[in-house]
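*Asks:* Pasting a structure here, questions to come.
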Amino acid sequence: MTLELLDDDVLRLVLAWLTFRDRQSLSTVGRTAARSQLRQLVLSQSVLRLPPLQSIARVANGLHNSDAAWQAYCAHPFLRRLVSSETVAATRRVLVPLSVAQRLLALLQFAPLLESVRFYNDAVPATAKNAVKQVTVMDVGFVSVLTGLRALDLSTIKHVHCLDAIAVMTNLRTLDLSQTAIDGADAEALSHLQRLEVLDLKRTRVANLSFLTPLAENLRWLDVSGTRVGDFSPLTRLRNLAYLNMSRNFVEDAAPLRFLPALQTLKLCDTVSRGPLELVLNAPGLVACHLHDTMLSDVNFLLATPHLQYLDVRRTHDVPNLAPLAALAQLETLLIDDSVLALDGVDGELRRQANAQWAGRLQRLKHLRIDQLSAEIDDDEHLAYAYPIDGSILPHFVSLEVLESPSLTDFQPLHSIYDSLRELQLHNWTAEDLHQLALAPGAANLHSLKLALPSSPEVVDLYPLEAFEGLETLELIDVLFEDLAPLGSLQQLRKLNLVLKSRSKRQLARKYRREQDFSFLEALTQLEVLNLDGRVDFKDASPLARLRALKKLCLQGTKVSELSALVNASELVSLNVASTPVKQAAELLGRLPLLESLWIPEKVRCEELQDTSDRGFPRLRFLWHRDDFNCLWTRHRHVHAP
């Protein structure tokens, strides 16, 4: 039974149990004709993505004339339904293809509830780099007819012309001009938008912020990162500003920041200055402060931010004293580097005592990340050798749940926090470190373990992993192993990542003297996510036959040649078999009812896989070829090799 035949009361009942993903699936071309409250709700809560011109006009015998192509576009059933009063009346947010933006905007002015318009460059693949996407031009005059808009996103357009026309759009609350080529003269037109609450100017050519003064009353969110601004004094009038990003700029004076009492999030990263910045804040409600790669004279400003929950002070050029961190009783996330940790000798003992004073006050800290700066470079081999760091600070964080760290000189301090620790991410580790991790009685408390090796070709013994019987997530990045059998004991695993990113590691895996045995996978019946990207030693998919709970599976770059083992993976939502010897996937048709995303090798024919009926993949929305074609949108006619 089709939706339009259901009673409105029944539709409201159906809506009660529809998931968000189901609602997204309903906002398709074929279902927008349903005249019901469900259709209205779907359109009001979804983003209506208008199809690109070439996906429709291409059918009209290769028309190249713009008028003829537009006529073919308008003749499509999608556009006929769009201009119907029922559809237009319910539409609130629209994603418009640039190829026909001017003409579509003229139609959209009759949408009484339209609030938000965004654009996408349909001339390039969706996965293309931003530099490619943004070779575009638009006259804002075409958009200014939509005077009732509350949100406008022009970030996919490189050259925005006639920005003065935006002055009539006085209802705008959100404006995104990021990565456009506008300069200070263009930005003067924004002074008329006095209801503006969110303004994104990152990576533009704006050099003067004086136009912000008329916006002071309502502006709450501002991003001027990566611009040409040198004088930030106009910020002093934005007393209601809650979010500010001024990263990747030349900042000579940070004094204007003290006049922002409503600030809740500050991002001042990757800045350039003539010397250490003296940061003074008067923002008692500050919750997040990002300061990495910025030269600071001290962190005394933290004494005025008692409610801070997130702090990033990595690579701040050896701030001499971290004692002010003791005032951050609400801090939950801290990112530092190893320059603040203890050293060898007398100075090291003094540093330990100083760190203990402020670390002991952070009773609510849940997430700690330590980056490594100390490394020696071998000029002959061009390799960086990272040394283990001192972990004596760790026992002071009694509530720590997540730790990201390099290898430690002594793992005993880490053992003392195993009772609270749930996720451990360790990099630059060795096989011996894995043995040390498994020695603590609390190893079974860990839910997530993520390990990444340095560039050494060391083969790792995985038997110590049997001690981590409570693991739900395990990631072994670029790891070569002798025997995978110990992983079969981790029967609580829901996510397993064994990706081989390094090309040199892949070459070593190819030359391994015996076939690697992946039969341990048969025991991991609760596995929901499996990533074997680049595992050239994975050749037989038969161990996957029992993994019926799988939702995401990545076999990209493996040597799997057939997929019959997946016919029972009825929960699968995402499947990636790109760059594999797979020649056809027809055996999966009708067997994966929840599949939404499918990546296939270049030589596999996509025509038979585009069936979105019950006989095929009823929920399929993305069918990717190697050339970044979503065949369901572009009607990709791939030229297959003979």
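The values are calculated or read from the model by the stated rules, or taken from the named source; none is laboratory data. The structure presented is a predicted model; accordingly, all values stated were derived computationally and were not measured. Virtual Cβ from ideal backbone geometry, glycine too; neighbours counted across all protein chains shown.
*Asks:* Between Leu487, Leu446, Leu451, Leu426, which is among the hydrophobic types (A, V, I, L, M, F, W, C), farther than 30 Å from Arg364 by Cα and without any contact (Cβ under 8 Å) to a residue 40 or more places away in the chain?
*Replies:* Values: Leu446 fails: farther than 30 Å from Arg364 by Cα; Leu451 fails: farther than 30 Å from Arg364 by Cα; Leu426 fails: farther than 30 Å from Arg364 by Cα.
Exactly one residue qualifies, and that residue is Leu487.
*Asks:* Can you confirm whether Leu588 is at pLDDT 90 or above, within 30 Å of Glu607 (Cα to Cα) and among the aliphatic types (A, V, I, L, M)?
*Replies:* no
Each row is one residue, and each column tells you yes or no for (1) touching a helix residue (DSSP H, G or I) at 6+ places or on another chain (Cβ under 8 Å); (2) at pLDDT below 95; (3) under 24 Å from Thr204 (Cβ atoms); (4) outside any loop (DSSP other than H, G, I, E, B).
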site	(1), (2), (3), (4)
Asn240	no, no, yes, no
Leu244	yes, no, yes, yes
Pro261	no, no, no, no
Leu266	yes, no, yes, yes
Asp270	no, yes, yes, no
Gly275	no, yes, no, no
Leu279	yes, yes, no, no
Gly285	no, no, no, no
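*Asks:* For Leu296, state whether it is under 19 Å from Asp371 (Cα atoms) and within 31 Å of the chain's Cα centre (by Cα).
*Replies:* Details: under 19 Å from Asp371 (Cα atoms): yes; within 31 Å of the chain's Cα centre (by Cα): yes.
When the stated conditions are applied, Leu296 passes them.
*Asks:* Could you check Gly557 against (1) over 30 Å from Ala509 (Cβ atoms); (2) buried (at least 16 other Cβ atoms within 10 Å of the Cβ) and say which number it fails?
*Replies:* So Gly557 meets the others, but not (1).
Each row is one residue, and each column tells you yes or no for (1) over 20 Å from Glu423 (Cα atoms); (2) aliphatic (A, V, I, L, M); (3) without any contact (Cβ under 8 Å) to a residue 60 or more places away in the chain; (4) out of contact with any Gly (no Cβ under 7 Å at 6 or more places or on another chain).
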site: Ala467; (1), (2), (3), (4): no, yes, yes, yes
site: Leu498; (1), (2), (3), (4): no, yes, yes, yes
site: Arg503; (1), (2), (3), (4): yes, no, yes, yes
site: Arg506; (1), (2), (3), (4): yes, no, yes, no
site: Asp517; (1), (2), (3), (4): yes, no, yes, yes
site: Gln526; (1), (2), (3), (4): no, no, yes, yes
site: Asp533; (1), (2), (3), (4): yes, no, yes, no
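*Asks:* Looking at the stretch 293-310 only, could you name the residues that are more than 21 Å from Ala329 (Cα to Cα) and surrounded by fewer than 22 Cβ atoms within 10 Å (Cβ to Cβ)? Outline the logic, then answer.
*Replies:* First, the residues of the stretch 293-310 that are more than 21 Å from Ala329 (Cα to Cα): 293-297.
Result: Asp293, Met295, Leu296, Ser297.
*Asks:* Name the residue, out of Asp186, Asp253, Asp270, that is of a type outside the set (A, V, I, L, M), surrounded by fewer than 19 Cβ atoms within 10 Å (Cβ to Cβ) and more than 30 Å from the chain's Cα centre (by Cα). Walk me through it before giving the result.
*Replies:* Details: Asp186 fails: surrounded by fewer than 19 Cβ atoms within 10 Å (Cβ to Cβ); Asp270 fails: more than 30 Å from the chain's Cα centre (by Cα).
Within the list Asp186, Asp253, Asp270, the selection yields Asp253.
*Asks:* I'd like to check something: does the stretch 439-450 contain any residue that is charged (D, E, K, R), surrounded by 15 or more Cβ atoms within 10 Å (Cβ to Cβ) and within 25 Å of the chain's Cα centre (by Cα)?
*Replies:* Filtering the stretch 439-450 down to residues charged (D, E, K, R) leaves 450.
If we keep only those that are surrounded by 15 or more Cβ atoms within 10 Å (Cβ to Cβ) as well, we get 450.
Applying the additional criterion that residues be within 25 Å of the chain's Cα centre (by Cα) yields 450.
Scanning the stretch 439-450 turns up at least one residue that is charged (D, E, K, R), surrounded by 15 or more Cβ atoms within 10 Å (Cβ to Cβ) and within 25 Å of the chain's Cα centre (by Cα).
*Asks:* Would you be able to say whether some residue in the stretch 351-368 is part of a loop (DSSP other than H, G, I, E, B), surrounded by fewer than 19 Cβ atoms within 10 Å (Cβ to Cβ) and modelled with pLDDT under 90?
*Replies:* Looking for residues that are part of a loop (DSSP other than H, G, I, E, B), surrounded by fewer than 19 Cβ atoms within 10 Å (Cβ to Cβ) and modelled with pLDDT under 90, one finds none in the stretch 351-368, hence no.
*Asks:* While we're looking at this one, here's another question. Conditions: (1) assigned to a loop (DSSP other than H, G, I, E, B); (2) hydrophobic (A, V, I, L, M, F, W, C); (3) surrounded by fewer than 20 Cβ atoms within 10 Å (Cβ to Cβ). Leu500 meets all but one. Number of the miss?
*Replies:* (3)
*Asks:* Now for a separate question. Please tell me if Leu575 is at pLDDT 90 or above and not in a loop (DSSP other than H, G, I, E, B). Reasoning before the result, please.
*Replies:* Details: at pLDDT 90 or above: yes; not in a loop (DSSP other than H, G, I, E, B): yes.
Judged against the criteria, Leu575 is a match.
*Asks:* Something else about it: All but one of (1) at pLDDT 90 or above; (2) in contact with a Lys or Arg (Cβ under 9 Å, 6 or more places away or on another chain); (3) of a type in the set (D, E, K, R) hold for Arg506, so report the exception by its number.
*Replies:* It fails just one condition, (1).
*Asks:* Which of (1) within 27 Å of Asn497 (Cβ to Cβ); (2) of a type in the set (D, E, K, R); (3) assigned to a loop (DSSP other than H, G, I, E, B); (4) modelled with pLDDT under 90 is the odd one out, the single condition Lys603 does not satisfy?
*Replies:* (1)
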